[in-house]
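*Asks:* Below is the structure I would like to discuss, written out as structure tokens.
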Amino acid sequence: MKNPLYKFYKGIPQGIICLVIVFGIFAYIASQMGTPNMLNTIMNTAHDLLLNTVFYLMAICVITGALGRLFVEFGVVNLLEKILRPLMKPLFNMPGVASLGAVLTFLSDNPAIISLAQDKRFSVYFKKYQFISLTNFGTAFGMGLLVIVFMVGQGFYAAPFIGLFGAVCGCIASTRIMQYFVVKNFPAYEHESAATTEELQQEKEKEIKKSLFQRILDSLLDGGRTGVDVGIAIIPGVLIISTMVMLLTFGPAASGNFTGAAYEGVELLPWLGEKLGFIFEFLFGFTDPHLIAFPITALGAVGAALGLVPNFISAGWVDGNAIAVFTAIGMCWSGYLSTHTAMLDTLGYRELTSKAILAHTIGGFVAAIVAHWCYVLYTII
């Protein structure tokens with residue numbers, strides 16, 4: 001016999017439930033900020049994200065898309081496949097060619113992996129379950145170079161590289177968990193190829209007739225065009241999810257009042273982090289509840305999370321352990337909430353978005369925990 005509460009819940013129209021949740025969230029925010037300030041902050045934050053984040057990511061996608069297509073055209077992909085196959089398969093259960101995606105995302109940002117995945121000569125190496133997990137694999141290395149260089153610039157040298165090791169471990173966990181989810185829901189994907197040999201042959205036949213100059217030019221332009229498509233595809237995820245995360249993470253203006261400017265908020269997530277501080281102290285070694293703002297902000301944009309670090313350092317909240325954990329979780333998560341939906345939508349597997357997010361959430365925690373305990377080991381040695 002079903003629970004009476006369950007029957008009551010099922011009897012309520014979904015539209016009413018949706019209205020209650022949405023209005024409840026915004027009523028709480030408006031009660032803290034004031035309705036005009038809340039609306040202005042939402043619009044100003046979304047506008048700033050569009051101009052300074054989305055277009056920046058689109059530029060990255062264009063450049064890395066062109067570079068990736070050039071590597072594919074002239075055999076770099078085949079070379080990496082042969083050299084790195086022994087490493088990629090046992091660690092990530094991916095073909096060696098996936099390492100090219102790791103390099104491109106490390107040098108740029110998450111969506112670079114999708115620009116590369118659009119090429120049949122790259123995707124032909126993958127089974128479908130591996131191809132779908134590229135979203136998790138590439139995200140774990142997103143903006144890695146920027147994060148490490150930034151942390152080194154703050155005066156920490158060993159900790160960022162310990163964090164890099166943690167990010168690799170988190171990537172292994174996230175990628176393999178996602179592959180498990182895909183195979184469990186779609187068993188046939190374990191054996192189906194991401195691209196057919198007919199599709200690959202058609203591309204090869206078209207390219208055989210081209211001159212060297214034409215091959216270079218077409219590779220650069222076609223890869224760049226793919227980057228534009230990816231840049232447009234990520235707009236909804238970045239604007240909607242990142243705006244909400246930042247609205248719940250940041251506080252009022254420096255004066256202590258709400259002005260309606262971009263990136264103001266109600267600080268709900270840091271408050272929750274303070275209540276659960278004992279958990280984060282055990283798992284991550286955090287000694288101050290404010291530090292939880294970094295991983296929470298990294299959910300939406302790691303660049304915004306990095307902006308918190310100088311203030312943390314000046315306040316005396318940060319030590320080497322925190323930097324190692326920041327690096328690991330900043331790289332591994334790197335704004336995945338705002339990009340996973342768009343990336344999987346671009347690949348054509350939107351229905352698996354929730355699985356990818358769950359797998360990557362676990363991967364981020366693995367990265368942070370490994371970085372913390374490796375740093376503890378480093379200090380002992």
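*Asks:* It is to be established whether one or more residues within region 214-231 are modelled with pLDDT of 80 or more, surrounded by fewer than 18 Cβ atoms within 10 Å (Cβ to Cβ) and within 18 Å of residue 342 (Cα to Cα).
*Replies:* yes
*Asks:* Please enumerate the residues belonging to region 299-312 that are closer than 21 Å to residue 105 by Cβ and in contact (Cβ under 8 Å) with a residue 40 or more places away in the chain.
*Replies:* Passing the criteria: 299, 300, 301, 302, 303, 304, 306.
*Asks:* Considering region 17-38 alone, what residues qualify as being of a type outside the set (Val, Ile, Thr), in a helix (DSSP H, G or I) and touching a residue at least 12 places away in the same chain (Cβ under 8 Å)?
*Replies:* Step one: list which residues in region 17-38 are of a type outside the set (Val, Ile, Thr), which gives 18-19, 23-24, 26-28, 30-34, 36-38.
Remaining after also requiring in a helix (DSSP H, G or I): 18-19, 23-24, 26-28, 30-33, 36-38.
Residues satisfying the conditions are 26, 28, 32, 33, 36, 37, 38.
*Asks:* Test residue 314 against the criterion of being surrounded by fewer than 20 Cβ atoms within 10 Å (Cβ to Cβ), small (Gly, Ala, Ser) and at pLDDT below 90, and give yes or no.
*Replies:* Spelling it out, residue 314 is indeed surrounded by fewer than 20 Cβ atoms within 10 Å (Cβ to Cβ), small (Gly, Ala, Ser) and at pLDDT below 90.
*Asks:* Can you name the residue in region 183-213 that is of a type in the set (Val, Ile, Thr) and within 30 Å of residue 70 (Cβ to Cβ) and is also modelled with the lowest pLDDT among such residues?
*Replies:* Going through the qualifying residues, I end up with 208.
*Asks:* Shifting gears a bit: So how many residues does region 162-190 have that are more than 15 Å from residue 142 (Cα to Cα) and in a helix (DSSP H, G or I)? Before the answer, list the steps.
*Replies:* Looking only at region 162-190, we keep the residues that are more than 15 Å from residue 142 (Cα to Cα), and these are 162, 173, 176-190.
Those left that are additionally in a helix (DSSP H, G or I): 162, 173, 176-185, 187-190.
The total comes to 16.
*Asks:* Scan region 170-186 for residues that are within 13 Å of residue 361 (Cα to Cα) and touching a helix residue (DSSP H, G or I) at 6+ places or on another chain (Cβ under 6 Å) and jot them down.
*Replies:* Of everything in region 170-186, those that are within 13 Å of residue 361 (Cα to Cα) and touching a helix residue (DSSP H, G or I) at 6+ places or on another chain (Cβ under 6 Å) turn out to be 170, 172, 173, 174, 175, 177, 178.
*Asks:* Do we find a residue being in a loop (DSSP other than H, G, I, E, B), buried (at least 19 other Cβ atoms within 10 Å of the Cβ) and among the hydrophobic types (A, V, I, L, M, F, W, C) anywhere in region 239-251?
*Replies:* Yes, that holds for at least one residue.
*Asks:* Can you give me the number of residues within region 317-358 that are surrounded by fewer than 24 Cβ atoms within 10 Å (Cβ to Cβ), part of a helix (DSSP H, G or I) and among the hydroxyl-bearing types (Ser, Thr, Tyr)?
*Replies:* Of the residues in that region, 4 qualify.
*Asks:* Output the residue which, of all residues in region 108-126 that are in contact with a Gly (Cβ under 9 Å, 6 or more places away or on another chain) and farther than 15 Å from residue 223 by Cβ, is modelled with the lowest pLDDT.
*Replies:* It comes out as 109.
*Asks:* Then there is this: Filter region 163-177 down to residues that are buried (at least 24 other Cβ atoms within 10 Å of the Cβ) and out of contact with any His (no Cβ under 6 Å at 6 or more places or on another chain), then give me how many there are.
*Replies:* Residues meeting the conditions: 6.
The values are calculated or read from the model by the stated rules, or taken from the named source; none is laboratory data. Since this is a predicted model, take the numbers as computed values, not measurements. Positions of Cβ are backbone-derived with ideal geometry, glycine not excepted, and every protein chain shown enters the neighbour counts.
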